[in-house]
1. Return yes or no: is B:Thr68 among the polar types (S, T, N, Q), facing chain A (nearest Cβ under 8 Å), part of a helix (DSSP H, G or I) and within 29 Å of A:Leu285 (Cα to Cα)?
2. Give me the pairs: first residue in segment A:304-322 and free of Cβ contacts under 8 Å to residues at least 12 places away in the same chain, second residue hydroxyl-bearing (Ser, Thr, Tyr) and part of a helix (DSSP H, G or I), beta-carbon distance under 6 Å, and six or more apart or on different chains, which are they?
3. Among helices (runs of 4 or more DSSP H) lying entirely in segment A:1-108, which contain 2 or more residues that are free of Cβ contacts under 8 Å to residues at least 60 places away in the same chain, closer than 30 Å to B:Val267 by Cα and of a type in the set (Asp, Glu)?
4. Just to check your reading of the model, which residue among A:Ile152, A:Ile165 is β-branched (Val, Ile, Thr) and at pLDDT below 95?
5. Is one or more of the residues making up segment B:28-35 surrounded by 14 or more Cβ atoms within 10 Å (Cβ to Cβ), out of contact with any strand residue (DSSP E or B) (no Cβ under 7 Å at 6 or more places or on another chain), at the interface with another protein chain (Cβ under 7 Å from one of its Cβ atoms) and at pLDDT 90 or above?
6. Might you let me know whether segment B:306-314 holds any residue that is hydroxyl-bearing (Ser, Thr, Tyr), more than 11 Å from chain A (Cβ to nearest Cβ), part of a helix (DSSP H, G or I) and surrounded by 19 or more Cβ atoms within 10 Å (Cβ to Cβ)?
7. Residues of segment A:239-260 being surrounded by fewer than 19 Cβ atoms within 10 Å (Cβ to Cβ), hydrophobic (A, V, I, L, M, F, W, C) and outside any loop (DSSP other than H, G, I, E, B), which ones?
Amino acid sequence: MEQTPDSPLAQIPANRRLVDELHAHGKISPEAKVYALDFLYPADQWGLWISRLFLAVGTALVLSGVVYFFAFNWAKIEPIIKLASLQLAMLLCLGGAYYYKLERISGQILLLSASVLTGVFMAVFGQIYQTGADAYQLFMMWSVLTFGWTVISNFAAQWVFWLAITNIFLVLWWDQAALPEPDMAGMIFFFVMLLNTVALVLREVYLNWKKAEWLDRRWVRLLIVLAVLVPATWPVVMLIFETVSDSFSMKLSAATGLVGLGGLYALYRFKVRDMWSLAAIALFLCIVLEAAAVRLLGEALQGAEIAMFLLMGLATIGIFSAAVIYLRRVIAIIEADHV
Amino acid sequence: MSRYSSAYSASDLLTVLSDNAFVEKGDKELEAFVVEQQQELELPLYLRALVGVGAFFASLCFISLIVTGFSIRDEESFIALGVMFALLALVAQKFAGNGRTVKSSFLIQSSFALMATGKSLFVFGVVEVFETGWAATGAILILTLATYHVYRMSVDRFLSSFALLLSILLNLLLGDDFSGSKEFLFNGFLLIQVVLTVFLISNAKIKKDYRPIEYSLLFSLCAAAITLASQHEFGYWGHEEFIRPVFADILFTAALVVSIGWVAGGVSKLKSEPLMLACLAAVALGVVSAPGIILSVALMILGYGKHEKIMTAMGALLLPLFLFFYYYNLEVSLLQKSGVLVGSGVTLLAGRFYLRFRNLDKGEEA
């Protein structure tokens, strides 16, 4: 049974459902079923998976416990003990990460734990010395101090964690320190979009330059794509519905948001070719078009509810059908290119 | 429901089986069977999601059109319009074909929107006529039975089945028809769902048409677990009833052990040391934790074993939520909670070190 890489059988993934179906329809014997399952899912893979599950959930629980403990702010513990114990825990995590090396999941999770503890340390420091610092400063320092570890981590979760605290810093800084004039308040959408776009582009460029399995996960890409799409389309929809004043900053954010949508489309349609990202872009574009249709029809057909809702329904079907039709064509083109 | 990923292809599998004389080399009938089983007739998941969102928005427009535009006040008209919309949806689907042309895609989207509108209007009308929550359950049941085999769209099948199960759950918990026996009925409902889920998941002869029911059952079990995690007290003031999570704990623990056995390849495999340990850990988890946590772990194990990413993702996303509920609901101080959290975490880490110590995780990168 020689199968070329393009033959239908070579394209079909072998999995448990396939084995079960073969057995259920009498195509293979019970012994063959057991053999096939052992071949597809060797016992040590299960052990490895459970071991990693224990490590991830166990670490998350311990770190949550540490956060709860310091949130309790136990007065009986001397401040120096609190700070020293946190520093010791950080050093242990870093030592563990060094010992296990960052190529292994144990080392990566220990480094992530050290990053989390850095934030806890700064929160406790602020709690003890009543520094009066704004929350944005905590997140800023947290982001700065953990950046180096993030760069060397080779761990997608560490990068996502760093990006999350940096996003929080940016939003808090805008609200607590930048204190923009009302005309400039909408720039935050632009800044958040810019930050996440830079992260996304760097990810794609890095993956294009170097094969990095740890970063090449679909969920990471989709998460960052969504982190770009939300601030890109939010100001557009708000401007359409006039829920905010049409200030310069909102117009700029909306305009760059639309450009960003176009850029993302070009990236995932022609350069990287990822259908999940394209579908997410299509969904957000549909929402923008839907908002525009609601606004236009609502204004044009004021007082004629029947016509308005009917046309709205038809427009919605039209917009989403167009998106589905287009995406199906892209799928066909991509499949044709791979044959 | 999902595309599966695996390191091996069907071609690799058949080669290995033929090399070991389990099947004949180059068995054309067998190859044709494999290809036939894997034919993907439906849209990919992301496109189905897009169609679903579009249909939701469009059905809102159509419902607004009916309610505000035509000023309908009598319930029977809602029911009649609901039936009419559902019939229109079936007609649109009939003419839609495979969805590969512009016309057919437009008809599929229209059909789904019309079906959602029709079903919503029908259920609304029936509830208005009978003025009871159980009327909604009855109406959804009628619609699901009537359309399941003629309206072949998995998103609709899933949503209809899930709506049916959810309406039963809500009626049991929030209605006052069975006051005094809420706990008994709730637990009975859970039992039936778990039995059905186990039957559907473990029986490979079940047609692919029924996979949406499998997922609706899983989602419904998650909804029940979330309800139990967030509150135990139901009913009106002065007539409160408590639903203790003990039965759900036992039920989900049993389901978890069955899942481990099934995924491992049969009950006989449970005699091996790692699996015995896994079962013991499952029982221990059942004793100390909450139903939702056990359900999440079961979902992750089933998802990993079946290579169904939706199940794994459901488990992974729900686990933090259930952990949060569990520790939030613990009636102890923040300090004690931190102790419980650290203790639980250390126990799991100890489990991991035991696995390493016994060399039960032989992965290179662990």
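1. Criteria met by B:Thr68.
2. Between residues of segment A:304-322 that are free of Cβ contacts under 8 Å to residues at least 12 places away in the same chain and residues that are hydroxyl-bearing (Ser, Thr, Tyr) and part of a helix (DSSP H, G or I), the close pairs are A:Glu305/B:Thr68; A:Phe309/B:Ser64; A:Ile317/B:Ser110; A:Ser321/B:Ser105.
3. The helices (runs of 4 or more DSSP H) meeting that bar are A:16-24, A:30-40.
4. Among A:Ile152, A:Ile165, only A:Ile152 is β-branched (Val, Ile, Thr) and at pLDDT below 95.
5. No, the conditions are met nowhere in segment B:28-35.
6. Step one: list which residues in segment B:306-314 are hydroxyl-bearing (Ser, Thr, Tyr), which gives B:312.
Narrowing the set further to residues that are more than 11 Å from chain A (Cβ to nearest Cβ) leaves none.
No: segment B:306-314 contains no residue that is hydroxyl-bearing (Ser, Thr, Tyr), more than 11 Å from chain A (Cβ to nearest Cβ), part of a helix (DSSP H, G or I) and surrounded by 19 or more Cβ atoms within 10 Å (Cβ to Cβ).
7. A:Ile240, A:Phe241, A:Phe248, A:Leu252, A:Ala255, A:Leu258, A:Val259
For every residue, the table says whether it meets (1) buried (at least 16 other Cβ atoms within 10 Å of the Cβ); (2) aromatic (Phe, Trp, Tyr); (3) over 20 Å from the mean Cα position of the chain (by Cα).
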site: B:Lys94; (1), (2), (3): no, no, yes
site: B:Leu107; (1), (2), (3): yes, no, yes
site: B:Leu114; (1), (2), (3): yes, no, yes
site: B:Gly118; (1), (2), (3): yes, no, yes
site: B:His149; (1), (2), (3): no, no, no
site: B:Ala163; (1), (2), (3): yes, no, no
site: B:Ser167; (1), (2), (3): yes, no, no
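The values are calculated or read from the model by the stated rules, or taken from the named source; none is laboratory data. Please read all numbers here as calculations on a predicted model, not as lab measurements. Every residue, glycine as well, gets a Cβ built from its backbone with ideal geometry; the counts of neighbours run over all protein chains shown.
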